[in-house]
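Student: Here it is, the structure in full.
The values are calculated or read from the model by the stated rules, or taken from the named source; none is laboratory data. Keep in mind it's a predicted model, so treat the numbers as computed, not measured. Using ideal geometry, Cβ is built from the backbone for each residue, glycine included, and neighbour counts are taken over all protein chains shown.
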Amino acid sequence: MTHPQERLSASERRQAREARLIAREQARELKPNDFHGGVHPPENKHQSTGEPIGTIPLAEDFIVPLNQHIGATAIPLVKLGDDVLKGQKIAEADGPVSCPVHAPTSGKVVAIEPMAVPHPSGILADCIQIRADGRDQWCTLAPVEDFRSRDADELLEKIRECGIAGMGGAGFPTAVKLNPRGGAEIDTLIINGTECEPYITADDMLMRERADEIIGGVQILAHLLDEPERVLIGIEDNKPEAIAAMRQAAEGTRFHVVVFPTKYPSGGEKQLIEILTGREVPNEGLPANVGIVCQNVGTARAVYRAITLGEPLVSRVTTVVGESLARSRNIEVPLGTPIRHILDCHGIDRKQLQRIIIGGPMMGYTIEDESAPVVKTTNCILAPTYKELPPPPPAQACIRCGLCAEACPASLLPQQLYWYARAEDREKLQAYNLFDCIECGACSYVCPSSIPLVQYYRAAKGDIREARAEKEKADRARERFEFRKLRMEKAEQEKEAKRLARKKAAEEARKQRETNTDSPAAQAAKQEADVVAAALARVKAKQASPEQQLARAQRTLTSAEHRVERMRTKLAEADEAQQAQLAAQLKEAELKLQDARNKLAEAEKLAAAAPQPAESSPAEKAEEREARLSVAGASSSAANAAIEKAKAAAAARANMDPAEKLATEIEALEKRVQKAQARLDKARADDDPNTAAFETALGKMQEKLDAKRAEQSGGQQE
């Protein structure tokens, strides 16, 4: 019997499941929780919400950084002079945690070099500069018609290729965040519409005017996470218009808009998770560890446009606000637009401008170079006056009031972290969970001594990350060194084993020859060796005899006398400038002459006192002659054979025509190359130290062979 549920189609089962989840959510009353600490700074959000989201004219040049996200820097795909279209990929992601970069408008690539980017340190980073052509022409887009019928991996790849990164925080690649590692079971999707930072209203205006696109993106995100049990959209109660718009757009879905009291920093990922679910993310852990994925409303909208329209992330909504501006509002601005161009379009009064802050006054940072561009994480450009946001007063000594610990939303001990950061005690900083600090600035905000605590924490984090990176680098270098050492030791052991094997084989052969003395060949070899040894001994004795020494002394004396005569002749013919030098040389030659005379006298005495050797018998003379012949016989016969062979080859070549001579030379060279290659292969196998020399010799012979072959080919063509 068929079960009724089996007769339903896949879409009908999905709809039934969604209906049950909606009913369950409607029957369940969500009660927001609270988190530890937090502050209530002045919101100052009304300045930029009086106008709809607007636009500005295109800038002349766009500066597109290659790293607008957490992870590896993208690799450029374009070169100088290339024409690009809006939305064209101009840099490829480098690794799994990375994002590609796309052109924000059409134009020409005029520079690829380090330029100013929005960063607290003011460092330069690799960028691509595009000179806009004013047409703002899109490239060909590839939308996905029915995302529910597509595989999750295909959609994730589409999101990755569109370069979407988190637009409300640090810019973590969205495709990586939607694919939790370790097979984590996700039961809750949270959409962050909190936007708790003062002055910033980009998400607020986005929810008011683009709520349908946000909900469409949430549907795609839920599909990618296999329809989690709960989908919660968290919004603070200070955004009534955004709340109404989102609730209206979410009608008919199972998405639940949760409203909770305003408190900074409720927009922090871990704080929002605690507010909406009561769960706490573990130390240095991820939301996926507790079954939750959190995304910003701006990211959800970017996902919607990437899937349904095929648009890569090339623009974002950014708040432009501050009393030094003639006009404060939110704009949809292309990424890469220089901040100077945005400020000029909003009537900046530089006489009243105190500084330029990227982000809000709590977590933002000051930039000095206005040529820095808008990037994927730029949610606000704040241009306050001195009266609106006066510079912080000088820091004073800590009075240990404990207000920072009461305000910390991560339940840390900011005072202790401050002392350890000043002492550069990295172990204590990590023991006190420094990396759980979200750098919200609540501790600095309530500090009566005006201590810039967050700056100390940020610097300490950078030092620890740098130390970790250096340690990892040193560990990798040590592993490579140890591996190389093991490889070299193994090669030496193999080489020594081969040497010992050859030595053992030679010893065994020698022992075998010594043992088998009865054979005629062994006896003949022994007899020949004895004859040669005796003859060599007699030759050596003759060379050391008194007669030989006397003859050598006479030759030395004659040479010394001739040298003295030559030096005297030169001295007589030399000019005054050379006489001193030649006189010294003559004196030295005369001393050597005297020494030669003394040695001759000694040799004459020895020769007179030595007994006269008996004359060798004819048989002994024959043996000596036979020994000398046996010693030189092998080399002489080999040399004669080689000479005869060379003569025959020369005679044969003399009768050849040039083509035959060339063919013969090529054949000989080919044989030599083969022999050289065999010798090189053996040297490589034996790890011979002369391997490099063999390679050089083979290369030269191969060049000569190639030249001869080319000469032969040219002759055949003619």
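Student: So, in segment 103-146, exactly how many residues are among the small types (Gly, Ala, Ser) and farther than 26 Å from Arg355 by Cα?
Tutor: Residues flagged as among the small types (Gly, Ala, Ser) and farther than 26 Å from Arg355 by Cα within segment 103-146 amount to 7.
Student: If Gln493 satisfies every condition in (1) farther than 20 Å from Lys682 by Cα; (2) over 24 Å from the mean Cα position of the chain (by Cα); (3) not acidic (Asp, Glu) but one, which is the exception?
Tutor: (1)
Student: Output the residues belonging to segment 113-140 that are touching a Cys at 6+ places or on another chain (Cβ under 9 Å) and either within 19 Å of Pro334 (Cβ to Cβ) or free of Cβ contacts under 8 Å to residues at least 12 places away in the same chain (or both).
Tutor: Met115, Ala116, Val117
Student: Oh, and also: Just one of Glu388, Glu370 is touching a helix residue (DSSP H, G or I) at 6+ places or on another chain (Cβ under 6 Å) and among the charged types (D, E, K, R); which is it?
Tutor: Exactly one residue qualifies, and that residue is Glu370.
Student: Taking segment 126-154, which residues are more than 14 Å from Val314 (Cα to Cα), in a loop (DSSP other than H, G, I, E, B) and of a type in the set (A, V, I, L, M)?
Tutor: Listed by number, the residues that qualify are Ala142, Val144.
Student: As an exercise: evaluate Ala407 against (1) at positive phi; (2) buried (at least 17 other Cβ atoms within 10 Å of the Cβ) and give the number of the one condition it does not meet.
Tutor: Unmet condition: (1).
Student: What single numbered condition from (1) over 22 Å from Ile438 (Cβ atoms); (2) crowded, with 21+ Cβ neighbours inside 10 Å fails to hold for Asp153?
Tutor: Tallying (1) over 22 Å from Ile438 (Cβ atoms); (2) crowded, with 21+ Cβ neighbours inside 10 Å, Asp153 fails exactly one: (2).
Student: For the condition touching a residue at least 60 places away in the same chain (Cβ under 8 Å), surrounded by 10 or more Cβ atoms within 10 Å (Cβ to Cβ) and acidic (Asp, Glu), what is the one hit in Glu479, Glu470, Glu494?
Tutor: Glu494
Student: Here is a follow-up. So, Lys108, is that one more than 21 Å from Ala170 (Cβ to Cβ), surrounded by 14 or more Cβ atoms within 10 Å (Cβ to Cβ), in contact with a Ser or Thr (Cβ under 8 Å, 6 or more places away or on another chain) and not acidic (Asp, Glu) or not?
Tutor: no
Student: Can you give me the number of residues within segment 115-153 that are under 16 Å from Val374 (Cβ atoms), within 30 Å of the chain's Cα centre (by Cα) and at pLDDT 90 or above?
Tutor: So the answer is 9.
Student: In segment 156-180, what residues are surrounded by 22 or more Cβ atoms within 10 Å (Cβ to Cβ), of a type in the set (A, V, I, L, M) and out of contact with any Gly (no Cβ under 9 Å at 6 or more places or on another chain)?
Tutor: If the condition is that a residue be surrounded by 22 or more Cβ atoms within 10 Å (Cβ to Cβ), of a type in the set (A, V, I, L, M) and out of contact with any Gly (no Cβ under 9 Å at 6 or more places or on another chain), then Ile159, Ile164, Ala175, Leu178 are the ones that fit.
Student: Those residues that are touching a Phe, Trp or Tyr at 6+ places or on another chain (Cβ under 9 Å) and under 22 Å from Glu274 (Cα atoms), I need them from segment 394-409; list them, please.
Tutor: Correct list: Cys404, Ala407, Pro409.
Student: Keeping to segment 220-254, report how many residues are touching a helix residue (DSSP H, G or I) at 6+ places or on another chain (Cβ under 9 Å), assigned to a helix (DSSP H, G or I) and surrounded by fewer than 16 Cβ atoms within 10 Å (Cβ to Cβ).
Tutor: Of the residues in segment 220-254, 3 are touching a helix residue (DSSP H, G or I) at 6+ places or on another chain (Cβ under 9 Å), assigned to a helix (DSSP H, G or I) and surrounded by fewer than 16 Cβ atoms within 10 Å (Cβ to Cβ).
Student: Okay, moving on. Find the residue count for segment 187-212, including only residues that are under 39 Å from the mean Cα position of the chain (by Cα), acidic (Asp, Glu) and under 12 Å from Val297 (Cα atoms).
Tutor: Selection size over segment 187-212: 2.
Student: Just checking, does segment 472-485 include any residue being of a type outside the set (S, T, N, Q) and assigned to a loop (DSSP other than H, G, I, E, B)?
Tutor: No, the conditions are met nowhere in segment 472-485.
Student: Tell me, yes or no, whether segment 190-197 has at least one residue that is of a type in the set (Val, Ile, Thr), under 17 Å from Arg316 (Cα atoms) and in contact with a helix residue (DSSP H, G or I) (Cβ under 6 Å, 6 or more places away or on another chain).
Tutor: Scanning segment 190-197, I find no residue that is of a type in the set (Val, Ile, Thr), under 17 Å from Arg316 (Cα atoms) and in contact with a helix residue (DSSP H, G or I) (Cβ under 6 Å, 6 or more places away or on another chain), so the answer is no.
Student: Here is a follow-up. Return the only residue of Gln612, Gln585, Gln578 being assigned by TED's automatic domain parsing to the domain that holds Glu547 and either modelled with pLDDT of 80 or more or among the hydrophobic types (A, V, I, L, M, F, W, C) (or both).
Tutor: When all the criteria are applied, what remains is Gln585.
Student: Assuming Ala165 fulfils every condition listed in (1) without any contact (Cβ under 8 Å) to a residue 40 or more places away in the chain; (2) within 20 Å of Pro100 (Cα to Cα) apart from one, which condition is it?
Tutor: Only one criterion in (1) without any contact (Cβ under 8 Å) to a residue 40 or more places away in the chain; (2) within 20 Å of Pro100 (Cα to Cα) is unmet by Ala165, namely (1).
Student: Being among the small types (Gly, Ala, Ser), modelled with pLDDT under 65 and either in contact with a Ser or Thr (Cβ under 7 Å, 6 or more places away or on another chain) or at negative phi (or both): is that true of Ala627 here?
Tutor: So Ala627 fits the description; yes.
Student: Given (1) without any contact (Cβ under 8 Å) to a residue 40 or more places away in the chain; (2) in the same structural domain as Ile186 (by TED's automatic domain parsing), identify the lone condition not met by Ala326.
Tutor: (2)
Student: Quick one: how many residues across segment 53-91 are in a loop (DSSP other than H, G, I, E, B), within 30 Å of Ala242 (Cα to Cα), touching a strand residue (DSSP E or B) at 6+ places or on another chain (Cβ under 9 Å) and not aliphatic (A, V, I, L, M)?
Tutor: Number of matching residues: 4.
Student: Could you please find all residues in segment 197-214 being in contact with a Cys (Cβ under 7 Å, 6 or more places away or on another chain) and either assigned to a loop (DSSP other than H, G, I, E, B) or closer than 13 Å to Ile233 by Cβ (or both)?
Tutor: Result: Tyr199, Ile200.
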